[in-house]
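See below for the structure under consideration.
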Amino acid sequence: MCPLRIVVDRLDDWRPYSPSEDLVGVDDFLSLDRRHRTSADASQHHATRIINLSSDLDYLGSGYYVSLLAEARGQRVLPAVETLNALSRKALIDLELDTLAPLLGELARDGSLSGDSLTLRVLFGECHEPKLAKLASRLFERLPCPLLEARFHRRHERWRLARLKPLRLRDLGSDEQDLFASALNRHSRQVWRTPKARRRYRYDLAILVDPKEAMPPSNRGALRAFIRAGRRLGIDVSLITRRDAGRLAEFDGLFIRETTALNHHTWRMARLAEHQGLVVIDAPQDILRCTNKVYLHALLRARGVAAPEGRLLKRSDRGRLGERLDTLSFPLVLKIPDGAFSRGVVKVNSVEELEREAARLFAASALLLVQEWLPTDYDWRIGVLDGQVVFASRYYMARGHWQIYDHSGTRVKSGSFTTHDPDEVPPAVLKAALRACRLIGNGFYGVDLKQAGDRTVVIEVNDNPNVDAGIEDALLGRRLYDRIMGVFLSRMEARRQQVGRSAPLSAASAAGPGLTVGDD
């Protein structure tokens, strides 16, 4: 288990709280010199998590240097230098929080905001006001700083963020001290863990889930199997939700088991985790490349990977879509770029139907994809991780429907499945799947393919593929989860060795103009 250090201005600042051996003063932290140490000491040092509660977080202040030197030493620190730089510039704050307006409007309408101004104190993403918990969580998610004070003003009936600044630990009132202690406890379990628990696991892995998601990528049985597999390999696996974005620095890896999308917290958390040096599956680049069908269509077409014939349609094409079809003939399949689980995918049988459905879907996207319809009884789903096939399944069409998932009724229906040994899969299917994945990266993908006559075509490459207990693991059982956790283990070990050999260059570039890591 990775050690934790809490940096404070003076040890007396911690007097209202339970004693902790994890405390260190700012001056002592800045005085540390770790150049001469054994490889074992180095590995532990680089794995240390730092919570920086210094009050002097301005550019080149002592607290700023705490975060800067922690990053230079390969440690994970909260707040990161990037966060401090953003907090020092109003334009960067506005950029990070540009999506707060709808939430502020929602809170104003339900009466959670009153008067003309509001001061909200956010402690590790939590606050005293239950109605503003979502706002506090959003602020911490976007700008992870342990103690924040936000000021909001209402002008012309619209609420706006006027100021956001770090809050000093010694400025907390008695009731806020209680909230701080409990929030810190929830944020970082390592503070109160026993030495025995710390020695039990070598790495920490977070699995991002949404407990309310109707069709998650992994069911509860699979999540339990991932946790057991990780712990067999010396990885402490914890389930987290979007509210835990500020805790990412506690972990060595992030495994996303929630349906991903761009302009969505899954992509933002993947990007944040990657920036903080975690091993991430799905990596933000994978989400970017896989979640958009327009991108995949263009990628597969440009690289000569067999895929259904198709055309891109623009909003300006409305009224003359039939002219864009060229040699395509009905029926056709019309898709929005970022649909999942067969959502936003419709079959059209005529130009009139195409025009009508396109008008509806263009409301959500400036581009649509229309492709030839290839009727089959099932799709192949080939699971690929780190360039290797890990499972192969057939997903059959829902009864009486042309897709695997049927959303036409009040309840979503799906077809049956079979799971196969990869050696039983036609070689053309495996070859096409692996070729498509090489265009994306070396992450975890589910490639959907169809065999129609002599043709084998790639329908799409999915990041975040389903791994459900009783389906994808029907053949391998626990070995499937061991293989996936084994990839995390090897990558986390490689990352730790890399950090141990050299400090990351990003700390220097994040420090600001004219400053290098050695200028302390």
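The values are calculated or read from the model by the stated rules, or taken from the named source; none is laboratory data. Quick caveat, the model's predicted, so the values are computed rather than measured. Heads up, the Cβs are rebuilt from the backbone with ideal geometry, glycines too, and the neighbour counts pull from every protein chain shown.
General remarks:
- In the range 177-190, the condition of being part of a strand (DSSP E or B) and either of a type outside the set (A, V, I, L, M) or in contact with a strand residue (DSSP E or B) (Cβ under 8 Å, 6 or more places away or on another chain) (or both) is met by no residue.
- Total residues in the range 379-394, condition in contact (Cβ under 8 Å) with a residue 40 or more places away in the chain and within 20 Å of S416 (Cβ to Cβ): 7
- Contacts under 8 angstrom Cβ, first residue in the range 100-115 being among the acidic types (D, E), partner at pLDDT 85 or above, 6 or more apart: D110/K131
- The combined condition, being under 26 Å from the mean Cα position of the chain (by Cα) and of a type in the set (D, E, K, R), is not fulfilled by E157.
- Every residue from the range 138-160 that is surrounded by fewer than 20 Cβ atoms within 10 Å (Cβ to Cβ) and not acidic (D, E): R151, H153, R154, R155, H156, R158, R160
- Taken together, D204, D286, D282, D210 contain a single residue that is at pLDDT 85 or above and over 13 Å from the mean Cα position of the chain (by Cα), which is D204.
- Helices (runs of 4 or more DSSP H) wholly inside the range 398-513 containing at least 1 residues that are modelled with pLDDT under 70: 478-501, 506-510
- Residues being in a strand (DSSP E or B) and of a type in the set (G, A, S) - total across the range 84-140: 1
- Filter result for S67 (surrounded by 22 or more Cβ atoms within 10 Å (Cβ to Cβ), part of a loop (DSSP other than H, G, I, E, B), at pLDDT 85 or above and not acidic (D, E)): no
- All of V294, V345, V333, V280 fail the test of being β-branched (V, I, T) and in contact with a helix residue (DSSP H, G or I) (Cβ under 6 Å, 6 or more places away or on another chain), apart from V280.
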